[in-house]
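K.L.:
Okay, handing you the structure first.
Only the coordinates and a few stated rules stand behind these numbers; no lab work does. Owing to the predicted nature of the structure, the values given are computational and were not obtained by experimental measurement. FYI the Cβ positions are ideal-geometry reconstructions off the backbone, even for glycines, and counts take in every protein chain you see.
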Amino acid sequence: MRARFHLRGWGSTEGFQQVGVGVAVIDADQEVVLVLDPVPAQPRAFRALPSGLENTEFSSPFGVDIQIPDLAGPTLFCLWVFLDTDEEGIPKGVVQVPVVVAP
């Protein structure tokens, strides 16, 4: 079965040059399941900055729908959110969020 969920958050420099954030879904075997195109910054209007996040001119929210096909039941994944990659395409400054996704 297919599973869909929504990821949203804020980044303190996410709106710089409107580059957005990278998002990858990693499985329990540390294999890359899905890499999304850069997720663009969203408008700040009428949105509250989370407490503890540095408020800069580039602080912005982001949000993306994620779809994972072929899940038989609840499955553990790790979502990676990052702003940049090195020369070899390996993400730098990764924020990792463990999740269980169910179809």
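K.L.:
In the range 57-101, what residues are over 20 Å from Gly20 (Cβ atoms) and in contact with a Phe, Trp or Tyr (Cβ under 9 Å, 6 or more places away or on another chain)?
P.N.:
Ile68, Pro98, Val99, Val100, Val101
K.L.:
Testing Gln96 on (1) within 20 Å of Phe5 (Cβ to Cβ); (2) in a loop (DSSP other than H, G, I, E, B); (3) polar (S, T, N, Q), one condition comes back false. Which one is that?
P.N.:
For Gln96, the failing item is (2).
K.L.:
Of all residues in the range 29-64, count the ones that are under 25 Å from Met1 (Cβ atoms) and surrounded by fewer than 11 Cβ atoms within 10 Å (Cβ to Cβ).
P.N.:
Number satisfying all stated conditions: 5.
K.L.:
Residue under question is Phe58, and the condition is that it be within 16 Å of Asp27 (Cα to Cα) and aromatic (Phe, Trp, Tyr); does it hold?
P.N.:
It is false that Phe58 is within 16 Å of Asp27 (Cα to Cα) and aromatic (Phe, Trp, Tyr).
K.L.:
On to the next question. What number of residues in the range 30-48 are under 20 Å from Ile90 (Cα atoms) and within 14 Å of the chain's Cα centre (by Cα)? Walk me through how you get there before you give the answer.
P.N.:
Here is the first cut: in the range 30-48, the ones under 20 Å from Ile90 (Cα atoms) are 30-40.
Now drop any that are not within 14 Å of the chain's Cα centre (by Cα), which leaves 32-40.
The number of residues fulfilling the criteria is 9.
K.L.:
Within the set of pairs 6+ apart or on separate chains, which have a first residue in the range 39-61 that is over 20 Å from Trp80 (Cβ atoms), a second that is among the hydrophobic types (A, V, I, L, M, F, W, C), and C-beta atoms under 6 Å apart?
P.N.:
Listed pairs, sorted by first residue: Asn55/Leu49; Phe58/Phe16.
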